[in-house]
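Participant: Take a look at this one; I'll ask things after.
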Amino acid sequence: MSEMLSTKEVAKFLNINEKMVYSLIAEKGLPASKVTGKWLFPRELIYQWIEAGTQNFPQLAKLPPYHGLVLIAGSNDLLLDKIIATFNLKHENHMAMFGITGSMGGLKALKQNRCHIASSHLVADNEEYNFPFLKDEMNQMPAVVNFSLREQGILIQKGNPKNIKSVKDLGKPGIKIINRQLGTGTRQLFDKELKKSGIKGKIINGYENCLSKHMDIGLQILTKNADAGPGIRPVATILGLDFIPICWERFDLLITKERFFDKGIQLFLSLLKGQVIQAGAQELGGYDLSMTGKMIYPEAEPDPE
């Protein structure tokens with residue numbers, strides 16, 4: 001668990017008076033938790049909050065001109081893994097490489113010119129996906145192409161031996177979970193669901209035990225090292241686990257506009273309309289391809305009448 005700072009300590013850390021701390025909580029979203037009437041501040045989240053608000057970053061070196069390598073960073077996904085493998089088999093003069101950084105890490109990598117494509121499914125309080133975070137993180141809005149809609153939920157052991165019916169049940173005694181890392185869209189959604197259910201994560205056994213991949217969460221449950229964990233339906237399909245659905249989410253690919261028409265990027269996007277993604281989605285379950293390949297931003301100009 002990350003170190004917690006008191007109001008006095010966070011005021012000293014930010015070099016402001018304590019009254020200003022309360023204003024920052026209300027007006028600027030300073031990360032804080034109220035425990036027994038006192039505010040506590042996770043040091044790790046304070047660092048992230050400061051970084052998110054940083055302006056005028058020094059100009060970073062740009063990615064080199066396209067020479068056959070497509071760099072992708074961000075959120076882990078089983079169908080995306082399949083498309084990356086298909087790209088590498090189909091185009092011998094090109095190669096796609098993926099770095100698991102979580103959705104927020106993908107946005108940061110795109111901003112810092114460390115990748116061509118970021119995969120993300122961050123949802124804001126207004127239920128809008130990715131755009132609120134892009135406006136905060138990016139100096140310039142990237143192109144946004146939908147990869148798929150995905151079904152998110154809670155993975156549980158086959159037969160549901162602990163009788164888990166909802167997120168709220170995860171707070172019951174005798175239940176152990178495995179969690180996703182901070183910065184991932186799945187962790188963000190899970191924390192929102194816990195908050196809606198009136199449950200504090202710290203009371204759940206295993207809440208602080210975090211893994212970076214959906215399949216790793218499923219394997220922990222399959223091997224009975226955990227009773228449940230947040231994840232996507234395709235993992236339940238592959239491993240034969242039970243699944244409690246929460247919502248369908250929009251999983252997008254974000255691409256800087258200056259690299260959008262690079263040959264490798266276009267070859268990769270062309271696979272979103274092919275047979276492999278259709279067959280993969282049907283086999284895995286938990287995917288809806290009704291928006292796949294659609295340009296979310298910028299929106300296409302309407303045809304003149």
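Participant: With an 8 Å Cα cut-off and a minimum separation of 6 or more residues, compute the relative contact order for the chain in percent.
Facilitator: Result for the chain is 21 percent.
Participant: Another question, if that's okay. For segment 146-231, calculate the relative contact order in percent as a whole number, restricting contacts to Cα pairs under 8 Å that are 6 or more residues apart.
Facilitator: 44
Participant: Tally up the carbon and sulfur contribution to the accessible surface of the chain as a whole percent, 1.4 Å probe, everything protein left in place.
Facilitator: 52
Participant: Please grab the % of Cα pairs in segment 127-272 that end up more than 18 Å from each other.
Facilitator: 60
Participant: If you don't mind, there's one more thing I want to ask. Relative contact order for segment 202-302 using alpha-carbon pairs under 8 Å, separation at least 6, rounded to a whole percent?
Facilitator: 21
Participant: Could you sort 213-224, 269-280 so that the peptide with the highest average Cβ count within 10 Å comes first and the rest follow in order?
Facilitator: Values: 213-224: 19.4, 269-280: 15.6.
Descending packing order for the listed peptides: 213-224, 269-280.
Participant: Give the shape of the chain as rounded, prolate or oblate, defined through the alpha-carbon gyration tensor: a ≥ b ≥ c are the square roots of its eigenvalues, a/c under 1.5 means rounded, and otherwise the shape is prolate if a/b is larger than b/c and oblate if not. Please report the intermediate quantities before stating the final value.
Facilitator: Values: a/c = 2.03, a/b = 1.18, b/c = 1.72.
It comes out oblate by the Cα gyration axes.
Participant: Next question, about the same structure. Take the alpha carbon atoms of segment 123-189, find their radius of gyration, then divide it by 2.2 N^0.38 Å using N residues; give the quotient. Please list the in-between numbers first.
Facilitator: Numbers: Rg = 16.4 Å, N = 67, 2.2 N^0.38 = 10.9 Å.
Ratio of Cα Rg to 2.2 N^0.38 Å: 1.51.
Participant: If you only keep lysine pairs separated by 8 or more in sequence, or across chains, how many in segment 73-146 come under 27 Å at the Cα atoms? Display every interim value, and only then the final one.
Facilitator: On the way: K82/K90; K82/K108; K82/K111; K108/K135; K111/K135.
Lysine pairs, 8 or more places apart or on different chains, close enough: 5.
Participant: Same structure again: Mind checking which lysines have their Cα closer than 30 Å to the Cα of K38? Skip sequence neighbours fewer than 8 apart in that chain.
Facilitator: K8, K12, K19, K28, K168, K172, K176, K192, K195, K196, K200, K202
Participant: State in Å² the accessible area per residue of the chain; use a 1.4 Å probe, count heavy atoms of protein chains only, and round to the nearest integer.
Facilitator: 52
Participant: Further, regarding this structure: Just name one of Q278, Q266, I221: the one whose Cα is farthest towards the positive end of the charge dipole of segment 203-305 (beta-carbon charges, Lys/Arg +1, Asp/Glu -1).
Facilitator: Among Q278, Q266, I221, the one farthest towards the positive end of the dipole of segment 203-305 is I221.
Participant: Something else about it: By average Cβ neighbour count within 10 Å, what is the ranking of 243-254, 188-199, 28-39 from highest down?
Facilitator: Working: 243-254: 20.6, 188-199: 16.5, 28-39: 12.5.
Packing order, densest peptide first, comes out as 243-254, 188-199, 28-39.
Participant: Quick one: dipole size for segment 188-305, taken about the Cα centre, charges +1 on Lys/Arg Cβ and -1 on Asp/Glu Cβ, in debye to the nearest 20.
Facilitator: Value, rounded to 20: 460 debye.
Participant: A further question on this structure: Could you list the square roots of 5 times each eigenvalue of the Cα gyration tensor of segment 214-260, that is, the equivalent ellipsoid semi-axes, sorted largest first and rounded to whole Å?
Facilitator: 30, 12, 9
Participant: By average Cβ neighbour count within 10 Å, what is the ranking of 160-169, 116-125 from highest down?
Facilitator: 116-125, 160-169
Participant: Place +1 on the Cβ of every Lys and Arg and -1 on the Cβ of every Asp and Glu in segment 88-173, take the dipole about the Cα centre, and give the residue among G171, G153, C115 whose Cα lies farthest towards its positive end.
Facilitator: The listed residue farthest towards the positive side: G171.
Participant: Under unit Cβ charges (Lys, Arg +1; Asp, Glu -1), what dipole magnitude, rounded to 20 debye, does the chain have relative to its Cα centre?
Facilitator: Here the size comes out at about 1040 debye.
Participant: Ordering R180, R43, R114 from largest to smallest accessible area (1.4 angstrom probe), what's the sequence?
Facilitator: Heavy-atom accessible area, descending, gives R114, R43, R180.
The values are calculated or read from the model by the stated rules, or taken from the named source; none is laboratory data. If you're wondering where the values come from, they're calculated on a predicted model, not measured in any experiment. Cβ sites come from the backbone with ideal geometry, for glycine too, and all protein chains shown count toward neighbours. These accessible areas exclude ligands, DNA and RNA; they are computed on the full protein's heavy atoms, side chains included. Shrake-Rupley method; radii C 1.70, N 1.55, O 1.52, S 1.80 Å.
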